[in-house]
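Read the figures in this text as sums done on the coordinates, not as results from a lab. Computed from a predicted structure; not experimentally measured. Positions of Cβ are generated from backbone atoms using ideal geometry, with glycine treated the same way; all protein chains shown enter the neighbour counts.
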Amino acid sequence: MNFRKKILGKIRGENDCCPLFVPRLDIWHSANKMRNTLPGEFKDLSLMEVSQKLGVGFHSVVPTFLSSGNIEDIYHRGLGFFNHPCFPYFVDFSDVDFKAEIRNGELKVTYSSKFGPVTTGINYSREFLHSGASIPDITECAIKEHDDYLKLTDIFSRVKIRPVPENYAAHYELIGDKGLAVAFLSLAAGPMQHIMRDLIKFDQFIYDLYDFPHLMRELVAPLAEIYKQIIDSARLTKAEVVLFGANYDAAITCPPFFDEHIKPWLEYASGQLHAAGKLLLTHTDGENKGLIQSYLDSNFDVADSICPAPMTSLTMRQYRDAFKQKISIWGGIPSVIMLSSSCSDRDFKDFIDRLFEECYPFNNLIFSVADTLPPDANFDRLLYICEKTK
C-alpha cells in the first residue's frame, strides 16, 4: 500500500470509508529494544520493519532526536534548538563561543556573550538514555536572572540558520511510500513559546511576562529572525506537510496567551507554506478545551496527536463536529487505554469499537495513539486496532 498517498488523501478530505492507522511507535520500540522485551517475531526488527509487519503506515512526524548518535546535535537543547540529519535546516552556533561537558549524568553547556556567561544543563543520565525517550529534559534553565535576557539576546543575534534541503531529501526518499515524511521545523510555535518552554521555569516566565515585558521584547527580536529563516527552509524542500509548533494546553498556553503569541506565528507559517504548496501540521496533544476556535483561526491543516477523553475533556465527536473538513485530525486514541493497568480488555475493545463508529466516515482522520504508544502497552491491543484498520 502507498501510505504516503493514503495519508495525503485523508488530510485533503477525500471521502474514504476505510480507516487508516499510522501509530507512533518510536518510544515503545526504543524502550522495549533496550529492555529486550519486544514481542518474539518483532524482536530483531527495526522500527520501520515493525510498521511494515503490522501492516500500518510508518509514523514520521516527530523525529527521534537522539537517533543521529551525534551528541553535538543536542548540545543546544538547553537553548531550545536541535540539529538532526532529517531536518531541512542546520542551526549554526559557530559564531558563538561555548563549552560542552558531561558530568554526573548531565550535559552542561556554557556560552559566552558580550555581557557574561550563560549555562544550561540537560539530562544525559544512563537512565534517560535507556528509557526510550527522545528529548532530554532541561535540568538547568538558561534564564535564571534578569541579566540573562540580555546575554541570550546577544547569543541569538549570532546564531545562523543554514538551509540543507538535501538532508530532508534523503529522509524523504528513505521513508518513500511507507509513510509521510513530515518536515520538522520546531516544537515551539515562535519566539514567545520558545522562551516559555525552553529557556526559563514556567512560574518565572509568567512573572517576567507581566512585570518585565521589555526584557521579553528584546529577546523575542533575534528569535523572530531565526524562526523566519527556519520556516523559509521548508519552502526549499519537496515536503508535502511541515510540522511547526507543539504541546499546547489550555492551562499553560491559555487562550489569551495563545491568541497573542502563538496564533500569529501559526498564521505566518501557514501563509508561507501554503504559498509554496505545502500543508501545516501542528502538534496539539494537550488539553484543548477553550482553544478550538483559536485553532480554527490559525489556519493550519492538521491537528497532530489529538488526545481525546478520558485523558482530556473533549471527545472525538466534539473535535470532529468543530473541525469538520477545515482541520484534519491525526491521533484520536488515548495512550492510557493501551495499558492493561488502566482498563480491562473488554473496556478497551468497547472504547475502540465505539470510537470507530463515532468517527465514520473517516475523511480528514488518521488514527494514531496520542501522544505515542507507551513502552508498557499491551501489544495485543495494538494488534486489535491493526486488524480493525485492514
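Over segment 1-133, one equal point on each Cα, no solvent: what is log10 I(q)/I(0) by the Debye formula at q = 0.09, 0.10 Å⁻¹? The computed values of log10 I(q)/I(0) come out as -0.41, -0.50. Grouping the Cα pair distances of the chain into 20 Å bins from zero gives a pair-distance distribution of 28, 59, 13, 0 percent in increasing distance order. For segment 317-357, the spread of Cα coordinates along the three principal axes comes to 36, 17, 12 Å, biggest extent given first. Residues whose amide H falls under 5 Å from that of residue 106, counting only those 5 or more places apart or on a different chain, are 124, with hydrogens built in the peptide plane. Each label point was placed 7 Å from the Cα along the Cα-to-Cβ direction; for residue 311 and residue 325 their separation is 2.9 nm. With r as the distance between the Cβ atoms of residue 140 and residue 351 and R0 = 30 Å, compute the FRET efficiency 1/(1 + (r/R0)^6) and round to 0.05. My answer for the efficiency is 0.15. When each of 94, 313, 157 is scored by the number of other beta-carbon atoms lying within 10 Å, the sequence from fewest to most is 94, 313, 157. Length gained on full extension, residue 339 to residue 203: 45.7 nm, using 0.36 nm per residue less the C-alpha separation.
Helix 202-211 axis versus longest C-alpha principal axis of the chain: approximately 50°, rounded to the nearest ten. This model, with +1 at the C-beta of Lys and Arg and -1 at the C-beta of Asp and Glu, gives segment 27-153 a dipole about its Cα centre of some 320 debye. In a reduced charge model with +1 at each Lys and Arg Cβ and -1 at each Asp and Glu Cβ, segment 86-163 shows a dipole moment near 200 debye about its Cα centre. The residues neighbouring residue 193, those whose beta-carbon lies less than 13 Å from its own, together hold a net charge of -2 under the Lys/Arg +1, Asp/Glu -1 convention. Per-residue extension of 0.36 nm, minus the Cα-Cα distance of residue 360 and residue 97, leaves a gain of 89.1 nm for this segment. Remark: 38, 25 ranked as 38, 25, counting other beta-carbon atoms within 10 Å and listing the fewest first. For segment 164-195, the residues whose backbone nitrogen is under 19 Å from a point 7 Å from the Cα of residue 236, taken along Cα to Cβ, are 164-173, 182-186.
Between residue 72 and residue 228, full extension at 0.36 nm per residue minus the direct alpha carbon distance yields a gain of 53.8 nm. Taking the DSSP bridge list for the chain and keeping only pairs wholly inside it, about 45 percent are antiparallel. List the GluC sites (Glu not before Pro) within segment 96-166 that fall in a DSSP loop (any state other than H, G, I, E or B) and whose Cβ has at most 11 other Cβ atoms within 10 Å. Answer by residue number: 145. Segment 9-58 and segment 161-186 have Cα centres lying 19 Å from one another. Over the residues of the chain, the helix contribution to mean residue ellipticity at 222 nm works out to -11000 deg cm²/dmol, using -39500 (n - 2.57) for each DSSP H run of at least 4.
The residue list 378, 227, 100 was ranked by how far each Cα lies along the charge dipole of the chain toward its positive end, using unit charges on Cβ atoms, and 378 comes out on top. Taking amide H as placed 1.01 Å from N in the peptide plane, residue 328 has its amide H under 5 Å from the amide H of 302, 303, each at least 5 places away in sequence or on another chain. Could you give the angle, 0 to 90 degrees to the nearest 10, between helix 26-35's Cα long axis and the longest principal axis of the Cα atoms of the chain? Tilt relative to the chain: about 90 degrees.
With θ taken as phi - 60° and the Karplus curve 6.51 cos²θ - 1.76 cosθ + 1.60 applied, the whole-hertz 3J(HN,Hα) list for segment 360-367 is 5, x, 9, 5, 6, 8, 10, 6 Hz, x standing for glycine and proline. With contacts taken as Cα pairs under 8 Å and at least 6 residues apart, the chain reaches a relative contact order of 21 percent. Dipole check for segment 28-79: with +1 at the C-beta of Lys and Arg, -1 at the C-beta of Asp and Glu, and the Cα centre as origin, the magnitude is about 180 Debye. Put in line by how crowded their Cβ is, counting other Cβ atoms within 10 Å and starting with the fewest, 71, 329 read 71, 329.
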